[in-house]
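The values are calculated or read from the model by the stated rules, or taken from the named source; none is laboratory data. Everything numeric here is computed off the predicted structure, so don't read it as measured data. Don't worry about glycine lacking a Cβ; one is built from the backbone with ideal geometry, like all the others, and counts go over all protein chains shown.
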Amino acid sequence: MIRRMRFAPDQWSYWYALRLFFVTLLLISETLLLSCAFVTHAQAQAYPAKPVRLIVPFPPSGGNDVFARLLAQKLSEAWKQQVLVENRPGAGGNIGTELAARAAPDGYTLLLGHTGTLAINPSLYPKLSYDIQRDFVPISLLASAPLVLVAHPGTSIRSVGDIVALAKARPGELNYASSGNGTGSHLSGELLQYLGGIRLTHVPYKGTSPAITDLIGGQVPMMFSVLSTALPQIRAGKLRAVAVTGTQRMPQLPNVPTVAESGLAEFESTLAYGILAPRGTPETVLQEIHKQIAQAAATREFRERIDFEGAVPLRGTPAEFAALIRAQTEKWGKLIKTSAIKPE
């Protein structure tokens, strides 16, 4: 015979309440887990749910702005959401970069950075209010743009060897123009001096265009220029192409050697462009941005426009972009310190 357990009324209440408590706790836990999964999935699917701003820390002209607007167009089409280019120039790119560093890390503020703002400025401006390594996360590379060393056709400069010989014969008397203190064209001239063991006189301008104008007019004998600005003048015979600063010859100037080919084997100076976000931006959002940039960069229109601007399309992982920033920061930081270069 099976004996049934008998509980007093108060015991029945106790066990019933305990069972109800655990059942309720289980249901709440399952509901919370499902809610979290739903919210995470919804957030990943929803980005971007509003317009995204892409900060360009330079005026609306030149390679920075062209690359940014080309990318913004492609991302807007892919996301069906506006990507707005916001030019915030000033202080060699520091003002716009700082603005991006202080933005909310939610994926709705991105930065177009290049070698100057990411690798040169941290050493050139020792009191920056932001830190590239600490405040930003690299997302994707876009392009690499070598410069071209050009000379006035009325000079005797036809090669890097000619510059070295002239500078050694008259130390400090040979001038070179640049688009401004601390820019890639300035630092390329400093690198030429360092590796060539020569002394030149730097003449800074407020941008590439006024420098090119004076170079064509014969007020200065030479400069390192972005290819897109110099190429029409080279083809018109108003400037002479002496060398390019990358590791390979440019398809637009196949007969012009690199500076390294011309005798300074360690010379390399290019501007690498890429997209970054404030550190702390969700990983799912970073992955979505990187994926869409990669798809945009693979289009024919994107590649042709990059080529038109005298640049080379670049693709790489965020880790590769981060490694490039570190390597360039070390390289230019050492030159800035050794040559005692100041922003003004």
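Report yes if some residue within the range 154-163 is touching a strand residue (DSSP E or B) at 6+ places or on another chain (Cβ under 8 Å) and assigned to a strand (DSSP E or B); otherwise report no.
No, because not a single residue in the range 154-163 is touching a strand residue (DSSP E or B) at 6+ places or on another chain (Cβ under 8 Å) and assigned to a strand (DSSP E or B).
Collect the residues in the range 238-257 that are of a type in the set (Val, Ile, Thr) and buried (at least 20 other Cβ atoms within 10 Å of the Cβ), keeping them in residue-number order.
Narrowing the range 238-257 to residues of a type in the set (Val, Ile, Thr): 242, 244-245, 247, 256.
Those that are of a type in the set (Val, Ile, Thr) and buried (at least 20 other Cβ atoms within 10 Å of the Cβ): Val242, Val244, Thr245.
Being modelled with pLDDT of 95 or more and surrounded by 21 or more Cβ atoms within 10 Å (Cβ to Cβ) is the filter here, so list the residues in the range 83-95 that pass it.
Within the range 83-95, just Val83 meets the criteria.
Give the residues of the range 116-143 that are assigned to a helix (DSSP H, G or I), among the hydrophobic types (A, V, I, L, M, F, W, C) and surrounded by fewer than 20 Cβ atoms within 10 Å (Cβ to Cβ), sorted by residue number.
Residues of the range 116-143 that are assigned to a helix (DSSP H, G or I), as a first pass: 116-124, 132-135.
Subset that is among the hydrophobic types (A, V, I, L, M, F, W, C): 118-120, 124, 132.
Across the range 116-143, there are no qualifying residues.
Counting only residues that are within 11 Å of Met222 (Cβ to Cβ) and either modelled with pLDDT under 95 or β-branched (Val, Ile, Thr) (or both), which one in the range 149-168 is surrounded by the fewest Cβ atoms within 10 Å (Cβ to Cβ)?
Ranking the candidates gives Thr155 first.
Which pairs have Cβ atoms under 9 Å, sit 6 or more apart or on different chains, and link a residue in the range 112-129 that is outside the structural domain of Lys331 (by TED's automatic domain parsing) to one that is assigned to a loop (DSSP other than H, G, I, E, B) and aliphatic (A, V, I, L, M)?
none
Residues are listed down the side, and each one gets a yes or a no for (1) touching a Pro at 6+ places or on another chain (Cβ under 9 Å); (2) of a type in the set (S, T, N, Q); (3) modelled with pLDDT of 95 or more:
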site	(1), (2), (3)
Gln219	no, yes, yes
Met222	no, no, yes
Val244	yes, no, yes
Arg249	yes, no, no
Leu253	no, no, no
Val256	no, no, yes
Val259	no, no, yes
